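Only one structure is covered here, and it is reproduced in the block below.
We did not get these values from a lab; they are worked out from the coordinates using the rules stated. Every value quoted in this text rests on a predicted model; they were computed, and no experiment measured them. Note that we place each Cβ from the backbone using ideal geometry, even for glycine, and neighbour counts take in every protein chain shown.
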Protein chains: 2
Amino acid sequence: MKKQTNSLSRQMPRMTRQRQVILEELGKVKSHPTADEIYRKVRRRLPRISLGTVYRNLEILSDCGSISKLDLAGRQRRFDGDLTPHYHVRCVQCERVEDVRAEPHTELEKSLTDATGYRIIGHRLEFIGICPRCQKRSHATGRRAAACG
Amino acid sequence: MKKQTNSLSRQMPRMTRQRQVILEELGKVKSHPTADEIYRKVRRRLPRISLGTVYRNLEILSDCGSISKLDLAGRQRRFDGDLTPHYHVRCVQCERVEDVRAEPHTELEKSLTDATGYRIIGHRLEFIGICPRCQKRSHATGRRAAACG
DNA sequence: GGCACTATCAGGAATAATTCTTATTATGAA
DNA sequence: TTCATAATAAGAATTATTCCTGATAGTGCC
Ligand SMILES: [Mn+2]
Ligand SMILES: [Mn+2]
Ligand SMILES: [Zn+2]
Ligand SMILES: [Zn+2]
């Protein structure tokens with residue numbers, strides 16, 4: 001329903017305290033936090049910040065190319081401070097999202113223009129699996145399917 | 001393209017009129033409609049149906065393997081009556097989603113278990129581009145953003 | 001410093017998609 | 001028919017996100 005904003009389409013505006021802290025907190029983690037996870041982290045340093053400010057600044061930082069907004073499966077948006085091109089793997093049980101270090105498979109896009117008529121500008125590849133933690137737990141308990149960690 | 005290990009995990013319950021019409025309407029189209037698009041179609045035949053019933057039955061039909069629930073980018077869920085394995089391409093401008101007829105690239109999943117520790121059960125590959133219709137309409141804005149989800 | 005101008009803020013309302021609750025109705029077995 | 005169960009319509013609730021508003025804070029100019 002929303003129009004897609006072009007990446008790098010916005011000049012970096014002034015770096016406010018809130019924006020700085022959001023950027024720092026996102027840089028600290030290897031996970032791929034949602035807006036409200038970032039909000040909780042940032043609030044420890046800026047207790048008066050609002051969730052709206054977090055959303056707005058994540059959008060701004062993403063627009064000017066300082067962070068990346070992930071478009072993964074699931075209803076909640078996730079953000080990534082790591083700008084190098086990489087894929088992700090998601091645990092179906094605990095929803096954890098981790099990096100997959102691999103060369104982008106640009107060859108996948110070959111010949112698709114002919115096949116579809118679309119001008120192909122990219123692709124999203126996301127692996128689905130069960131993380132080591134959840135594998136261990138399902139062996140141990142033999143049941144349970146949510147909220148690990 | 002998640003493997004079909006746990007589809008059919010629910011036995012098909014009785015086929016009600018509402019469920020039947022939802023299935024038929026989804027079977028009619030080549031597009032990948034959202035729940036409310038299906039709701040609008042179905043309502044022409046069953047004007048008293050509720051959106052909640054559409055959601056509930058799409059869930060049930062998907063659980064028992066009669067349709068598939070797509071896990072694409074974007075905040076709105078889409079459904080597909082076509083159960084054969086295939087990929088999709090999404091137009092960034094008009095959000096249209098169309099099929100990509102291609103062999104599943106199962107080789108992508110090779111070696112990921114070693115690299116990540118995850119037990120890989122599938123992958124989701126979605127191409128991003130501009131559809132022929134939107135190419136015609138757009139003003140040569142040469143955007144080039146390789147999005148690797 | 002004082003002033004205008006603008007960006008950003010906090011807080012909360014609004015929106016959108018989806019799920020849940022409740023009272024009612026349909027189905028089918030005994 | 002009687003009864004238990006499954007499914008329904010309607011709408012409330014929830015969740016994630018965006019938008020609005022009035023207040024505040026940074027910037028350039030005098
Ligand atoms: Mn990452
Ligand atoms: Mn399809
Ligand atoms: Zn896990
Ligand atoms: Zn298009």
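What is the local net charge at B:PHE127, summed over the other residues whose Cβ is closer than 10 Å to its Cβ (Lys, Arg +1; Asp, Glu -1)? Charge balance in the 10 Å sphere: -1. Result for chain A in a Gaussian network model with C-alpha springs under 10 Å: among A:ILE120, A:ILE128, A:ILE60, the largest mean-square fluctuation is at A:ILE120.
Taking 0.36 nm per residue of sequence separation and removing the Cα-Cα distance, the B:VAL29/B:MET12 pair yields an extension gain of 3.9 nm. In order along region B:56-72, the Karplus-derived 3J(HN,Hα) couplings, from 6.51 cos²θ - 1.76 cosθ + 1.60 at θ = phi - 60°, round to 4, 6, 4, 5, 5, 4, 6, 5, 9, x, 7, 9, 10, 9, 7, 10, 9 Hz, and Gly and Pro are given as x. Contact order for region A:35-93, expressed relative to its length and based on alpha carbon pairs under 8 Å spaced 6+ residues apart, stands at 24 percent. Over the protein assembly as shown, the fraction of Cα-Cα pairs per 10 Å bin, rounded to whole percents and listed from the shortest bin up, is 5, 23, 31, 27, 12, 2, 0. Peptide A:112-118 is shielded by partner chain Cβ atoms: per residue, an average of 6 of them sit within 10 Å of its Cβ. Computed on region B:1-132, the Cα convex hull volume stands at 129 Å³ per residue.
In this label model, A:GLU59 and A:ARG45 are separated by 2.3 nm, measuring between points 7 Å along each Cα→Cβ vector. Taking every DSSP helix (H) stretch of at least 4 residues in the protein assembly as shown, weighting each as -39,500 (n - 2.57) and dividing the sum by the residue count yields a mean residue ellipticity at 222 nm of -9500 deg cm²/dmol.
Restricting the calculation to Cα atoms, region A:14-82 shows an Rg/Rh of 0.92 when the hydrodynamic-style radius is the Kirkwood one. For the peptides A:68-78, A:89-99, residues were scored by their other Cβ atoms within 10 Å and the scores averaged per peptide; the highest-first order is A:89-99, A:68-78.
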